[in-house]
Structure formats: structure tokens, C-alpha cells
Amino acid sequence: MSLTGLVRARTSTIGAPRGDARKGHNVAHESTDTASENGPELQRALSNRHIQLLAIGGAIGTGLFMGSGKTISVAGPSVILVYMVIGFMLYFVMRAMGELLLSRSSYRNFSDFAGDILGPWAAFFTGWTYWFCWIVTGVADVIVIASVYVTFWLPLIPTWIPALVVIAALIALNLPSVRGFGETEFWFALIKIAAIVLLIVIGLVMVFTGFEHDGARASFLNLFNVGGGFFGGGLMGFIMGFQIAVFAFVGIELVGTAAAETKNPEHNLPRAINAIPVRVLLFYVGSLAVLMSVVPWDRFDADNSPFVMLFSLAGLGAAAHIVNMVVLTSAMSSANSGIYSTSRMVFGLSTDGNAPKAFSKLTRRQVPRNALFLSGVVLLSAIVLLVFGLGESKGFTIVTTISSLCFIFVWSIILISYIVYRRRRPQAHDESIFKVPGGTFMPWVVLAFFVFLLWAFTQDPDTLLGMYATPIWFALVGLGYLLLRKNPKHQQLRRDHEERIAQEKREAAAYLAAAGSRKVR
């Protein structure tokens with residue numbers, strides 16, 4: 001049997017759906033749950049516009065609107081370079097993810113190809129860690145929405161009430177169909193884009209008209225002539241900017257969890273991924289460069305949004321209300337993405353035997369209802385934190401650090417999967433229509449960059465506490481995996497994977513030998 005045939009015959013064993021998900025087969029409905037002889041399948045209902053805006057929404061975090069004031073005050077204009085470097089590095093993560101997802105029609109998300117390439121342990125650790133990433137982020141989003149953004153307009157309302165409304169709304173938006181999620185995220189992303197474009201346009205007008213405020217004149221020279229110049233925050237300020245800014249990029253890989261529900265993924269996924277550099281330049285670099293050109297960087301307040309500052313200077317009396325609406329939308333977008341991605345990841349874990357079977361049930365519209373409810377129930381912990389008055393503690397820095405570190409783990413697994421894929425499946429890479437630029441060299445560069453980020457997190461007491469807390473999660477996942485390993489079915493999975501590795505190595509050696517002989521001729 002050929003390698004392709006061998007793998008397809010065993011797609012039900014490791015990180016792959018039953019049947020060919022690329023073909024988007026409809027599943028016959030026997031009851032309220034979707035079922036077929038091939039097992040549950042997700043519906044391809046996300047169009048190109050959904051995927052494009054989903055990718056944009058994932059690349060624009062709430063940190064840009066509210067957290068950029070802190071990054072500017074710490075790093076100075078060099079924060080522009082910080083965002084460019086992070087965006088450049090994560091672009092290669094996305095390209096590696098894209099090539100792997102398109103290499104086999106059975107892959108639904110990056111947990112699937114991690115399990116298929118690295119082994120069952122990788123699917124378990126990646127899937128559950130990604131679930132945890134978004135749960136932590138979602139809880140933080142719900143708390144911030146309830147305790148900050150809603151109370152900005154309704155200061156007397158108990159914070160647990162808007163938190164409960166937000167969670168109920170998220171479930172209601174995602175339960176009917178995946179298209180409901182796509183439409184919601186489409187409009188959320190449009191609002192964020194409109195706010196950034198409006199800021200850039202207003203800022204450019206202020207620069208070209210020579211706007212003055214408190215003795216400072218709007219000019220692009222403010223990026224280089226104020227407070228010590230471009231690197232006014234010093235070397236450590238530049239380094240600290242990385243630990244703050246990286247959280248703004250969490251979710252950039254979100255299109256990878258939507259692969260199984262994307263129409264024409266061979267066309268739409270590459271388009272979404274290839275547009276990442278343009279998005280980073282426009283939304284991050286463009287907005288921050290304009291902000292610091294209008295207002296000298298040493299006048300920014302770490303605790304206030306620079307967007308509010310610029311809109312207020314432009315004479316928009318409702319600036320605070322406008323930005324509050326935008327950041328509320330951004331936080332809702334993040335939480336919406338979180339409940340979507342966690343439900344799909346738990347569904348995939350369940351179909352592969354890494355989570356209880358109940359979470360693999362689908363509704364008539366192919367929505368993983370039980371997995372969705374699981375994420376919603378866990379998000380209710382945000383209400384508990386609010387009731388006990390923990391919503392505004394500095395623990396949020398620790399929470400965002402834990403989330404960032406877990407996302408870095410997931411991104412690293414994607415890169416490691418790609419490196420192993422290139423070694424074991426050279427024929428698949430040669431046939432790929434979406435090859436990673438830079439070959440196998442750039443994944444190692446990005447992994448080295450992640451090591452630098454880990455070091456950067458040790459340079460602040462609060463983020464250091466987050467680093468100390470993160471291993472607790474991996475210890476819990478490791479314990480769960482040790483218990484799962486004893487299952488006879490999982491033991492068979494590992495044996496099948498070892499056989500598959502041996503077969504792939506033989507076919508890779510034969511392919512490379514044949515390719516070498518052709519070159520000699």
C-alpha cells in the first residue's frame with residue numbers, strides 16, 4: 001500500500017476526521033445529532049469574506065486599542081519595530097500552518113497535523129493547551145467587558161449581570177450555525193478596521209496641516225527627535241515592549257481552527273495568510289506611527305488609550321465613548337473567537353479519543369453543541385471572580401502572560417511539526433502549492449525568537465509570576481495524558497503511529513534516492 005493509502009486508511013486513528021473533509025460531504029441526519037457511517041463532520045459554511053475578516057480580527061487584538069499606550073510609554077517609537085518583528089516571525093508560523101493544513105485533506109486544524117506528524121501526545125497537549133489559551137483569554141475578556149467597558153456607561157449595574165449577558169450572547173451567536181459565528185466576527189472585524197482607518201486618516205490630516213498642542217507640532221520627525229529618539233525607551237524598554245506586545249497577536253492562528261469549516265480552503269487559506277504582513281504594516285505600524293507623530297511618545301500615559309487621546313485632540317467630544325465602543329467590540333470579538341475555537345478543538349479531541357465522546361455530538365447544522373456548552377460553562381468562572389471582587393486586580397498581567405506563553409507553545413508545536421514534516425515527507429513538500437519561504441531555516445529562527453521572548457518575560461516581576469504559574473497547566477495536562485496512555489485504544493494509536501513513521505521514512509528515503517538519481521542523469 002502506498003503512503004497516501006496507508007494514511008487515509010488510518011485517518012480515524014490520529015488527529016483526523018472520518019472521511020475526506022476537503023470534499024465537504026454532507027452528513028445524513030438520523031436525529032438531532034449528526035451522524036454517518038464515517039462519523040461526525042463539520043460543515044463548510046465559512047466563505048472567503050468570513051475567512052479574510054476572521055484573519056484580520058485575529059491579527060488585531062484589544063491590546064492595540066488599550067495596551068498600546070503602555071508599550072509606547074515603555075519602548076518609545078521603537079515599539080513600531082517591536083510589532084514589525086513579531087508580525088514577521090508569526091508570518092512564518094502561519095505559512096507553516098498553511099502548508100501543513102493543505103498537505104492532507106483530512107486535517108481539520110493544527111492539533112490534527114501535530115498528532116499525525118509528532119504523535120498522539122502532540123494532539124493531546126496541543127488541543128487541550130489551545131483550549132486553555134482561549135478559556136483564559138475569554139475569562140479575562142468577559143471580566144474586562146463587565147467591569148470596565150459596560151460600567152463606563154452603566155456604573156451602578158452589578159458587574160456579574162453584563163458578564164452573564166455576554167456569555168449567553170456568545171453561546172446564542174455560535175449555537176445556530178457556524179455561519180452565525182462567521183457573520184458576527186465579520187462585523188466585529190469591520191468595526192475594528194473602521195476605527196483604525198479613521199485614526200490613521202485623522203492623524204495624517206493633523207500631521208500635514210501642522211497641528212499643534214501644548215507646544216508640540218505634529219510631524220513625522222517626532223518619531224526620531226523626541227525623548228532620546230527612536231530608541232528613546234532604551235534597550236530594556238525595547239525588550240520590555242516585546243513581552244507586552246506579543247499578547248496583541250494571540251489569535252493570529254485562528255484561521256487554522258476554521259480549516260474544516262472553510263469553503264475552498266486551497267484558495268481562501270493562502271489568501272488570508274499571505275495578507276498578514278500588509279495587515280501588520282497597516283493596523284499596527286501605521287496607527288502607531290501616526291499616533292507618535294501627532295503626540296510625542298513621552299507624553300503617552302500607560303493607563304489610558306492613545307486612541308482616546310488622538311480623537312480628543314481632533315475635537316471629537318465623544319472620543320471616549322467611540323473608543324469604548326470599539327474596545328468593547330474588540331473584546332467581544334476575542335471572546336467570540338475563543339468560544340468558537342475552543343468548541344471546535346474539544347470536538348476534534350473528542351473524535352480522536354482525547355476527550356469524552358459526548359463532545360463529538362453535532363446538531364443538525366453541524367455545530368458541536370456539547371463542546372460549545374463546555375466552553376460557555378467554564379467562562380462562567382468570570383462571574384465568580386467578579387462577585388469576589390477580583391476583576392480589577394493586577395493579576396490580569398499574570399493571566400495574559402500565562403495565555404501568551406501557552407500560545408507560544410502552540411506556535412512552537414506548529415513549527416516543530418513542519419520541521420519533522422519536511423524531513424519525513426519530502427515528496428509532500430515538493431508537491432505543495434503553498435510552500436513556506438525560507439525552507440527549514442526560518443522555522444529555527446522563529447523558535448530562537450520564542451526563546452528570546454521567554455527570556456523577556458523574566459524581566460518583569462508580574463510576568464515572571466506568570467511564567468512560574470504556567471507549568472502547573474502542563475503538569476495537569478501531562479497527568480491527564482499519563483492516564484490516557486493506559487487506554488488500550490490509545491496504546492494501539494501509538495503503535496500505529498510508530499508503524500507510520502517507519503513507512504514514511506522508507507518512502508522518503510526511496511523518494512530522495514530517486515530524485516538524486518534523476519539529478520545525476
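The values are calculated or read from the model by the stated rules, or taken from the named source; none is laboratory data. The shown structure was predicted, so the numbers you read here are calculated from the model rather than taken from an experiment. Quick reminder, even Gly has a Cβ in these numbers, built from the backbone with ideal geometry, and neighbours come from all protein chains shown. Accessible surface areas use protein heavy atoms only, side chains included; no ligands, DNA or RNA. Shrake-Rupley method; radii C 1.70, N 1.55, O 1.52, S 1.80 Å.
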Estimated FRET transfer efficiency when R0 is 41 angstrom, pair residue 503-residue 468 (beta carbons, to 0.05)
0.45
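If DNA, RNA and ligands are ignored and the probe is 1.4 Å, what is the ranking of 263, 357 by accessible area, most exposed first?
Solvent-accessible surface, decreasing: 357, 263.
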Would you mind getting me the FRET efficiency between residue 482 and residue 511? Use the beta-carbon distance for r and R0 = 30 Å, nearest 0.05.
0.25
Compactness check, segment 62-175: C-alpha Rg relative to the 2.2 N^0.38 Å globular estimate gives 1.44
If you stretched the chain out fully between residue 452 and residue 494, how much longer would it get, using 0.36 nm times the residue separation minus the C-alpha to C-alpha distance?
11.8 nm
I'd like the accessible area for residue 291: 1.4 Å probe, protein heavy atoms, all chains in place, Å² to the nearest 10.
0
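If I take all pairs of Cα atoms in segment 122-171, what percentage of them are more than 16 Å from each other?
Numbers: 589 of 1225 pairs.
Pairs farther apart than 16 Å: 48 percent.
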Could you give the accessible area per residue of segment 410-468, probe 1.4 Å, as a whole number in Å²?
44
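Provide the packing ranking of 119-126, 342-349, i.e. peptides ordered by the mean count of other C-beta atoms within 10 Å per residue, highest first.
Details: 119-126: 23.9, 342-349: 27.6.
Sorting 119-126, 342-349 by mean packing, highest first, produces 342-349, 119-126.
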Cβ neighbours within 10 Å, averaged per peptide: list 236-245, 211-220 in order, most packed at the top.
236-245, 211-220
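Show 187, 160 ordered by accessible area, largest first, where the area counts protein heavy atoms only and the probe is 1.4 Å.
On the way: 187 145, 160 115 Å².
Final ranking, largest accessible area leading: 187, 160.
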Calculate, in whole percent, how much of the Cα-Cα pair population of segment 289-331 lies beyond 13 Å.
55
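Quote the relative contact order of segment 87-171 in percent (integer), defining contacts as alpha-carbon pairs under 8 Å separated by 6+ residues. Don't skip to the end; give the middle numbers.
Values: 38 pairs, mean separation 12.3, N = 85.
In percent, rounded to a whole number, it is 14.
Could you work out what % of the accessible surface of segment 270-400 is carbon and sulfur, using a 1.4 angstrom probe and leaving DNA, RNA and ligands out of the count? All intermediate terms of the calculation are to be shown ahead of the outcome.
Working: 3100 of 4700 Å².
So the carbon and sulfur contribution to the accessible surface is 66 percent.
Leaving ligands and nucleic acids out of the surface, order 401, 159 by accessible area at 1.4 Å, largest first.
On the way: 401 5, 159 35 Å².
Largest accessible area first, the residues go 159, 401.
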To the nearest 10 Å², what's residue 85's accessible area with a 1.4 Å probe?
40
Given H placed on each backbone N at 1.01 Å, which residues far from residue 460 in sequence or on other chains put an amide H within less than 5 Å of it?
none
Sort out for me the Cα centre separation of segment 268-301 from segment 401-416, rounded to whole Å.
23
Which three lengths, in whole Å and largest first, does segment 210-349 cover when its Cα atoms are put on their principal axes?
58, 36, 27
Positive-end extreme of charge dipole, segment 364-521 - chosen from 479, 401, 416 (charges on Cβ):
416
Relative contact order for segment 273-395: what is it in percent, counting Cα pairs under 8 Å that are at least 6 residues apart?
13
Using only the alpha carbon atoms of segment 108-233, find the Kirkwood hydrodynamic radius as the inverse mean reciprocal pair distance, in angstroms to one decimal.
19.5
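Over the alpha-carbon set of segment 404-521, divide Rg by the Kirkwood Rh and report the Rg/Rh ratio to two decimals. If you can, show how the numbers build up before the last one.
Details: Rg = 19.4 Å, Rh = 17.7 Å.
Expressed as Rg/Rh, it is 1.09.
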Residue pairs, from the table 192/263; 263/361; 361/505; 435/505, whose Cα atoms sit over 31 Å apart:
361/505
